[in-house]
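The values are calculated or read from the model by the stated rules, or taken from the named source; none is laboratory data. Worth saying up front: this structure is predicted, and the values here are computed from it rather than measured. Cβ coordinates were reconstructed from backbone atoms using ideal geometry, including for glycine residues, and neighbour counts include every protein chain displayed. Quick note on the areas: whole protein, heavy atoms, side chains included, nothing else; ligands and nucleic acids left out. Shrake-Rupley method; radii C 1.70, N 1.55, O 1.52, S 1.80 Å.
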Amino acid sequence: MRSWAVRSFLAVAAVGLVCLLVVAATDERDLAFTLGVAPGGVAADLPPGGRACQTPVAVPAAFDGVEVKLGTHRRPGPPFEVEVVASDGGQTVATGRAAAGYPDNTVVEVELAREVPAGSDVDVCVANRGRGDLAVYGGPELAKRGSGVRVGGNDVPTDMTLVFTRPGSSAASLLPTVFDRAALFRPGWVGAWVFWLLAGLVLLAVPGLLAGALRSGNKDTRG
Amino acid sequence: MRGFRVGEPYRPLALLLIAGAIVGIAWALLVPAWQAPDEPAHFGYAQTLAEQGRLPAAEGDKRFSTEQELAAEAVESDQLAANPLARPEWSEEEYERWRAQQAALDPGDRADGDGAGPEGGNSARTNPPLYYAYELVPYYVASAGDLFDRYYLMRIWSALLLLVAAAATWALVRELAPNRPLLQLVAAAVVALQPMAAFVGSSINPDALLVASFAVALWLGVRVICRGLTLAAGTALCAATAVAILTKATGYALVPGVLLALGLGAWRAGVGARVGSLARAALPLLALAVPVGAWLVYARASSRPAVNQVAAADAGIDHPGLFSYIWQFYLPHLPGQLPLPTNYPSLPALEFWLKGFWGKFGWLEIELPNALFAVLGTVTALALIGALVRVFRGDRGRNLRVAAFLALVAATLVGGLHLTEYRILAGENGVFNQGRYLLPLVPVVGLACAAALSLLTRERWRAVGAGALVGLLFVAQVTALAVVGARFYA
């Protein structure tokens with residue numbers, strides 16, 4: 001017969017794992033990738049008709065949306081467009097438009113008309129299509145290595161805070177992607193398979209070992 | 001043919017240590033490079049020691065080696081640190097680009113980091129060298145490989161130290177409750193499975209050796225108090241204390257408690273032979289004084305600070321100000337008190353000592369869910385209250401002596417952290433304390449959990465409590481790994 005220690009351990013572990021599983025299955029993740037630039041200040045001021053581009057942006061994963069943090073000088077935000085153009089030739093890859101009226105200091109997500117495929121280098125441009133001023137938030141130039149901001153053909157020593165999104169998937173369904181990503185910049189012998197193995201060991205072998213330890217340790221009869 | 005079998009009393013510990021090793025390896029490989037507190041500085045220190053055979057310098061113009069800078073730039077570690085918006089580099093192309101650049105490096109590119117530099121130098125350079133010397137083993141073993149071969153082996157090697165701490169905690173409880181394998185297991189499990197200890201322990205960080213040496217010293221101190229002082233036990237206790245001090249200045253927090261333990265041990269052993277006991281008590285101190293003295297002499301001769309730079313904050317002590325700071329650390333602000341700076345949370349004790357102790361990962365930007373903090377905080381509080389009650393049950397004299405030793409170590413550590421932070425605060429240098437600085441006390445939390453469980457008089461309830469506690473630790477571990485994986489890779 002299993003000991004009470006093992007029973008209570010298994011009960012708590014099972015409840016905890018079920019809760020985690022529910023969270024992982026319902027937690028929608030729509031991040032394709034990010035430039036990782038913290039919004040520390042204004043990266044580019046865009047008067048009506050102004051346009052700023054982050055260039056070049058390597059695309060490690062396909063995306064169909066862009067999040068950008070904007071300042072509007074305490075007024076309802078003007079409409080703006082996000083244009084994605086190929087870095088080598090300027091051909092438009094995808095565009096999206098945001099309606100006017102969003103509040104100051106807000107992250108606005110713009111849906112693109114089509115998906116931008118992985119593996120290319122693109123310029124991501126924000127163009128002010130309204131009558132009010134627009135400020136794109138970002139950080140200093142070194143925030144994103146090898147990429148910078150260009151306004152009206154001039155380089156600006158900043159990077160824009162851009163987050164690239166795609167249709168949401170549950171965290172659980174992203175597990176293969178997570179392990180592929182985790183295997184980069186690791187020792188040569190580490191591939192995604194190591195993380196699958198470790199996940200199996202942590203979720204199955206560790207509770208087994210702990211249950212075994214509790215069973216062995218529960219021969220404690222002296223009060 | 002008979003297979004290998006671990007002796008019955010050690011079997012629960014052996015199984016726990018295997019589980020702890022799996023968890024440690026998972027942590028070591030999951031967290032991106034340089035995404036644990038101060039890891040760039042600690043790796044840089046170890047690399048300077050390994051490649052140049054010297055400690056990081058106070059003067060120079062290159063903080064880290066070219067190899068380290070190249071790898072850090074490739075994974076964008078600086079942009080990623082404490083920035084929840086950022087993710088590590090996910091691009092295969094960038095990885096291949098870095099591999100090509102790494103392969104083209106000269107051997108000298110590993111050895112051109114001074115430890116100093118225009119941005120203030122290596123922040124770990126004032127640490128004593130013992131932990132970094134320990135890390136030379138994996139560094140040399142993997143020296144034929146690239147930086148990440150060495151880096152992750154160093155992490156895994158570091159993770160073994162938490163198993164030492166868990167085993168020492170098990171031995172500590174065995175000293176006090178030799179016939180209670182379940183309680184021994186619970187205490188050791190708290191150490192082996194505490195999420196923050198696992199995270200810090202499996203990074204490149206001297207705190208791993210600090211926690212291990214504290215655990216060993218606490219065990220040996222309790223042993224000396226319970227069994228009386230012998231030359232061997234006293235010497236081992238002092239040596240463990242020396243290891244802690246030569247790892248990080250925080251190790252000095254052991255000294256008052258260890259002196260108390262030696263005194264109590266000598267008193268216990270010295271009925272009718274006090275002079276001999278005093279000599280026996282004094283002799284082991286050489287195991288503490290000689291290595292620490294040698295380090296102090298070396299540090300002075302080479303114009304190095306002998307303790308971490310943070311402890312050298314030079315502001316004076318204003319006692320009412322210190323009282324006000326400590327009050328507001330644990331209790332709400334009162335009218336008339338000078339408020340803490342705005343970068344402090346409203347109740348720092350909860351933020352630092354609860355959340356930071358149990359689970360703030362990366363560069364502290366990743367946290368366990370609040371519901372889990374609530375459960376872990378409640379369990380910790382119940383365990384400490386239960387342990388306090390337990391002191392006055394059973395062999396009260398022995399329990400009080402042991403409690404005095406542990407309380408003195410804890411008070412010295414916490415008091416030292418507050419004093420350091422207050423002096424830094426007075427110098428307007430900002431927040432200092434972090435929950436991980438309390439990790440050397442995690443064996444005490446383990447012991448408290450065991451002591452509280454021992455209050456349950458019915459065996460069935462003790463078993464249920466023990467199983468539930470280990471289950472909670474397991475769930476906390478898995479949750480911690482999940483939130484860290486999601487933050488960096490999802």
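Please sort by residue number the chymotrypsin sites (Phe, Trp or Tyr not before Pro) in the range B:208-258 whose DSSP state is loop and whose Cβ has at most 10 other Cβ atoms within 10 Å. The partial results should precede the final answer.
Working: sites: B:Phe214, B:Trp219, B:Tyr252; in loops: none.
For chymotrypsin sites (Phe, Trp or Tyr not before Pro) across the range B:208-258 that sit outside H, G, I, E and B with at most 10 neighbouring Cβ atoms in 10 Å, the list is empty.
Which residues' amide hydrogens lie under 5 Å from the amide hydrogen of B:Ile366, considering only partners 5 or more residues apart or on another chain, with H built in the peptide plane?
Answer set, sorted by chain and number: B:Phe361.
For the range B:397-490, which trypsin sites (Lys or Arg not before Pro) are both in a DSSP coil and crowded by at most 16 other Cβ atoms within 10 Å?
B:Arg458
Just the number, please: buried accessible area between B and A, total of both chains, 1.4 angstrom probe, nearest 100 square angstrom. Can you show the working numbers first?
On the way: alone 21650 and 13050 Å², together 29350 Å².
Answer for the B-A pair: about 5400 Å² buried.
Unpartnered cysteines of chain A (Cβ-Cβ under 4.7 Å counts as a partner)?
A:Cys19
Just check the range B:380-490 against the gyration tensor rule for me: Cα atoms, a ≥ b ≥ c as the square roots of the eigenvalues, rounded for a/c under 1.5, and otherwise prolate or oblate depending on whether a/b exceeds b/c. Display every interim value, and only then the final one.
Numbers: a/c = 3.92, a/b = 1.19, b/c = 3.30.
Oblate is the answer for the range B:380-490, as a/c is 1.5 or above yet b/c matches or exceeds a/b.
Given N residues in chain B, what is its alpha carbon radius of gyration divided by 2.2 N^0.38 Å? Write down the numbers at each step before the final one.
On the way: Rg = 23.0 Å, N = 490, 2.2 N^0.38 = 23.2 Å.
Computed over Cα atoms of chain B, the ratio equals 0.99.
Just the number please: accessible area per residue for the range B:144-232, 1.4 Å probe, all protein chains included, in Å². Could you put the intermediate results ahead of the total?
Working: 1740 Å² over 89 residues.
Accessible area per residue: 20 Å².
Expressed as a fraction of 2.2 N^0.38 Å, the rule-of-thumb size for a compact globular protein of N residues, what is the C-alpha radius of gyration of the range A:143-223? Write down the numbers at each step before the final one.
Working: Rg = 23.7 Å, N = 81, 2.2 N^0.38 = 11.7 Å.
Taking N as the residue count of the range A:143-223, the ratio is 2.03.
Using alpha carbons only, how many degrees (0 to 90, rounded to 10) separate the axis of helix B:92-103 from the longest principal axis of chain B?
Relative to chain B, helix B:92-103 is tipped by roughly 90 degrees.
In Å², what does the accessible area per residue of the range A:30-167 work out to with a 1.4 Å probe?
Ligands and nucleic acids excluded, the figure is 44 Å² per residue.
Short version: ³J(HN,Hα) in whole Hz for each residue of the range B:463-480, in order, from phi by Karplus 6.51 cos²θ - 1.76 cosθ + 1.60 (θ = phi - 60°), x for Gly and Pro, what are they?
Coupling constants for the range B:463-480: 5, 4, x, 5, x, 5, 5, 5, x, 4, 5, 4, 4, 4, 4, 5, 4, 4 Hz.
Jot down the radius of gyration and Dmax of the range B:1-107, Cα atoms only, both in angstrom.
19.7, 63
As a test of the formula, what do you get for chain B when each DSSP H run with n ≥ 4 contributes -39,500 (n - 2.57) and the sum is divided by the residue count, at 222 nm and rounded to the nearest 500 deg cm²/dmol?
Working: 20 runs with 307 residues, N = 490.
Dividing the helical sum by the residues of chain B leaves -20500 deg cm²/dmol.
Per residue of B:480-487, count partner chain C-beta atoms within 10 Å of its C-beta, then hand back the mean as an integer. Intermediate values should be presented prior to the final figure.
Values: counts 0, 4, 8, 2, 0, 9, 7, 0.
Average neighbour count from other chains, rounded to a whole number: 4.
Please calculate the 1.4 Å probe accessible area of A:Glu28, with all protein chains present, and give it to the nearest 10 Å².
Around 130 Å² of this residue is reachable by solvent.
Please list, or write none, the lysines whose alpha carbon is within less than 30 Å of the alpha carbon of B:Lys62, excluding same-chain residues fewer than 8 places away.
Leaving aside lysines fewer than 8 places away in the same chain, those within reach of B:Lys62 are A:Lys144, B:Lys248.
Rounded to two decimals, what ratio of Rg to Rh does the protein assembly as shown give with C-alpha atoms and a Kirkwood Rh?
Working: Rg = 27.7 Å, Rh = 27.6 Å.
Rounded to two decimals, Rg/Rh equals 1.00.
Residues with beta-carbon under 10 Å from that of A:Pro167, excluding A:Pro167: net charge, scoring Lys, Arg +1 and Asp, Glu -1? Mind showing how you got there, number by number?
Numbers: positive: A:Arg166; negative: A:Glu28, A:Asp30, A:Asp64, A:Glu115.
Summing Lys and Arg as +1 and Asp and Glu as -1 gives -3.
Where the accessible area of the protein assembly as shown is counted over protein heavy atoms with a 1.4 Å probe, how much of it, in %, is carbon and sulfur? Walk me through the numbers on the way to the answer.
Values: 18230 of 29350 Å².
The computed percentage sits at 62.
Using alpha carbons only, how many angstrom separate the centre of the range B:376-428 from the centre of the range B:72-87?
Value for the Cα centre distance between the two parts: 37 Å.
Kirkwood hydrodynamic radius (Cα pairs, Å) of the range A:30-167?
Values: mean 1/r = 0.0693 Å⁻¹.
This gives a value of 14.4 Å.
Pop a pseudo-label 7 angstrom from the Cα along the beta-carbon direction at both A:Asp30 and A:Arg114 and give the gap in nm to one decimal.
Computed distance between label sites A:Asp30 and A:Arg114 equals 2.2 nm.
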